[in-house]
Each structure stands twice: as structure tokens, then as C-alpha cells.
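Visitor: Pasting a structure here, questions to come.
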Amino acid sequence: MKDTIDRLAPGVGVSVICGLAALFLSEHYATPVMLLALLLGIAVSFLYDETRCRAGIDFVASHVLRIGVALIGLRIAWSDLTSLGWQTLAVLAVGVLSTITFGYVLARATGMSRHFGILTGGAVGICGASAALAISSVLPPSPSRERDTLLTVIGVTLLSTVAMVVYPMIAGALDLSTQDTSLFLGGTIHDVAQVVGAGYSVSNETGDLATLTKLVRVSFLIPVVMILVVVLHSRRTETPHNRPTILPWFLIAFVGLMLLNSLVTLPEPVLTQTSNASRFALVIAIAAIGMKSNLRQLLEVGMKPILILVAETTWIALLFLIYICCF
């Protein structure tokens, strides 16, 4: 236990310091705290190269993030879930399936493997890096699978970070309502972390609903992976230790806490403290993700895979904007 604490402490400490600095600057300069945390993290990204900080930063960017997302469940009741309506669920399903299909067709048209199209389409359509790892685990083994997976993870993370900053501006320019903004952010941004950052940079209500929309979208990973297993007849070659979890534990915890809040009237101080803990966990996690950003890695690959990822990202964004504006 002591060795684990000593290993994680430097990276966790740096993330906490960045988070506290972002909170201070946000309160004094009326700037979104999530954006400040991301920028401060990027500013000290050289610390991620330090061996002593890397483990703690990885821990905050993954485990602490998931804890923060799970605790948001106590701020949402079952009535909020039902308020999404069948139309929202339907458009989320269309967004996921059409993006995977678009990626498949685009990859074949540009000479890339169909598996690369499925991998990138699933990552963009569902939940970014987590989807990329889960889908990669059921694709047939090939010499390029690990390279394609790494490229996809880097690409969707960087594009998601850009979307976290740009998409709230687009929503503001189009004068979208809180509900429409939440649908746009939660339905189009790749990773949960960036959805959280984008949503709460607009407002707390937008952050709650965008996160809920995103978690519903994450749940599509289960049927998609199962369908791929059946269609591709692939066999897992990973060991149980390396095999990715198809159903994220934080999604289970989120739903459990949401049901608890729906069925039991919890004391207001408990909800307030939980909300504060969740917010701080998300702030330091965003800072850690900024520290992990490495913009130079994408320059080492050709433009074709990058253009496919950009095209898929544009596809799902336009799909939701057309739905919001027309229906």
C-alpha cells in the first residue's frame, strides 16, 4: 500500500495543484473551470514525461475521472432519464450505427482496411478510446491492429479535446436551448471526459444532461461489440488480465446512484458535498488529461487515417445539428 501511494503521489499532487489553480482562476476571472484546467494541464504536459509523475497522472485521468462521473448519478433522478424520450434514444442509435457504417465505407473507398473503418467509426460513434480498445479486442488479429488502435486512441482523444472547446461555441452561435446543447455535446463528443468538460463549461444543468446523454450513448458499446463478435466470428486472443471491460463499472455505479436518488430522499448536505466532490474530481481529471496530450504523435502518421477520423467526427456532428435544427 505504501509503495502504491509513493508511486501515485507525485502525479496526483500535480493534478490537484492544477485543479486548485483552475478553480481559483475561474472564481476570480469568470472563466469556465474545465477549460482552465485543460489549458493548465497542457501547459505542464512535460511533467507527464517524468517517470515519477506518469503513474499518478494516469490514475487521475482514468480512475478519478470515473469516480467523478459516477457521483454525478446522485444529481440526476429517473425522471431525467425518461425526459430524454424515445426520439433522443432513436437519434443516438442512428448516430452510432451510421457513424460505424460511414467509417466502414470511407475506409474501403480510401484503400484502408474495413477493420480500420469499423474501429474508428465505433470509437467516434460511441465513446472514444474505451470503444477503440473494446472493439480492437474482438477484431481478427493482424500486423496493423495494434498500430491502428494506437492511432485511433490518439486521434479521437485529440479531436475530442478540440470538440470540447469548439462545440460549446457552436451551440452558443446557433442559440441552442439547454436541452439541445446537451444533446449536441453528449451525442457527438467522443470521450466522457470531454463531454463533461464541454457541458459544465456551459452550465451545471447542461453538464448533467450532456453527461447523461453520453452515458446512454456509452451503453451502445455492449450490443455493438456483441454484434461484431457474431459477424466477424473473431476469437479473443487477449488474456483475461488484458481484456477490456465491455461494461464500464462507472456506468453501473452512475445508474445505481441515479436510482438511489430516484427512490430515496437524500439529505441536502449529502447531495451538496457529493456534488462538490464530483466537481473537483472532474476538474483534476481534466487537468491530468491535458498533461497527457501529445500533439506531435499525430504528425508521425500519414494524412489518410487522420482525414477519416475528421470525416467521421464531422459526420456525427452534422447529423445531430441537422436533427436539432429540423426536428
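Visitor: Can you spot a residue in the range 28-38 that is within 21 Å of residue 161 (Cα to Cα), surrounded by fewer than 19 Cβ atoms within 10 Å (Cβ to Cβ), in contact (Cβ under 8 Å) with a residue 12 or more places away in the chain and of a type in the set (Val, Ile, Thr)?
Guide: No, every residue in the range 28-38 fails to be within 21 Å of residue 161 (Cα to Cα), surrounded by fewer than 19 Cβ atoms within 10 Å (Cβ to Cβ), in contact (Cβ under 8 Å) with a residue 12 or more places away in the chain and of a type in the set (Val, Ile, Thr).
Visitor: Quick check on the range 104-122: of everything there that is farther than 16 Å from residue 145 by Cβ and not hydroxyl-bearing (Ser, Thr, Tyr), which residue is surrounded by the fewest Cβ atoms within 10 Å (Cβ to Cβ)?
Guide: So the residue we want is 111.
Visitor: Here is a further query. In the range 263-276, which residues are surrounded by 15 or more Cβ atoms within 10 Å (Cβ to Cβ) and modelled with pLDDT under 85? Show your work before the answer.
Guide: At the first step, the residues of the range 263-276 found to be surrounded by 15 or more Cβ atoms within 10 Å (Cβ to Cβ) are 274-275.
Within the range 263-276, just 275 meets the criteria.
Visitor: Restricted to the range 229-260, and to residues that are over 24 Å from the mean Cα position of the chain (by Cα) and part of a helix (DSSP H, G or I), which residue is modelled with the lowest pLDDT?
Guide: 232
Visitor: So, in the range 137-162, how many residues would count as being free of Cβ contacts under 8 Å to residues at least 24 places away in the same chain and surrounded by 21 or more Cβ atoms within 10 Å (Cβ to Cβ)?
Guide: Step one: list which residues in the range 137-162 are free of Cβ contacts under 8 Å to residues at least 24 places away in the same chain, which gives 143, 146-147, 150, 162.
Checking the rest, the ones that are also surrounded by 21 or more Cβ atoms within 10 Å (Cβ to Cβ) come to none.
Residues meeting the conditions: 0.
Visitor: Restricting to the range 45-62, what's the tally of residues that are within 25 Å of residue 202 (Cα to Cα) and surrounded by fewer than 23 Cβ atoms within 10 Å (Cβ to Cβ)?
Guide: Pass one, the range 45-62, residues within 25 Å of residue 202 (Cα to Cα): 60-62.
Adding the requirement that they be surrounded by fewer than 23 Cβ atoms within 10 Å (Cβ to Cβ) leaves 62.
Qualifying residue count for the region: 1.
Visitor: Those residues that are of a type in the set (A, V, I, L, M) and over 17 Å from residue 156 (Cβ atoms), I need them from the range 97-128; list them, please. Steps first, please.
Guide: In the first step, residues of the range 97-128 are kept if they are of a type in the set (A, V, I, L, M); the result is 97, 100, 105-107, 109, 112, 118-119, 123-124, 126.
Passing the criteria: 97, 105, 109.
Visitor: Mind checking which helices (runs of 4 or more DSSP H) fall wholly inside the range 13-107 and carry at least 1 residues that are modelled with pLDDT of 90 or more and either of a type in the set (D, E, K, R) or at positive phi (or both)? Working first, answer last.
Guide: Details: elements: 33-43, 51-59, 65-71, 78-83.
Correct list: 51-59.
The values are calculated or read from the model by the stated rules, or taken from the named source; none is laboratory data. Owing to the predicted nature of the structure, the values given are computational and were not obtained by experimental measurement. Backbone-built Cβ (ideal geometry, glycine too); neighbour counts: all protein chains shown.
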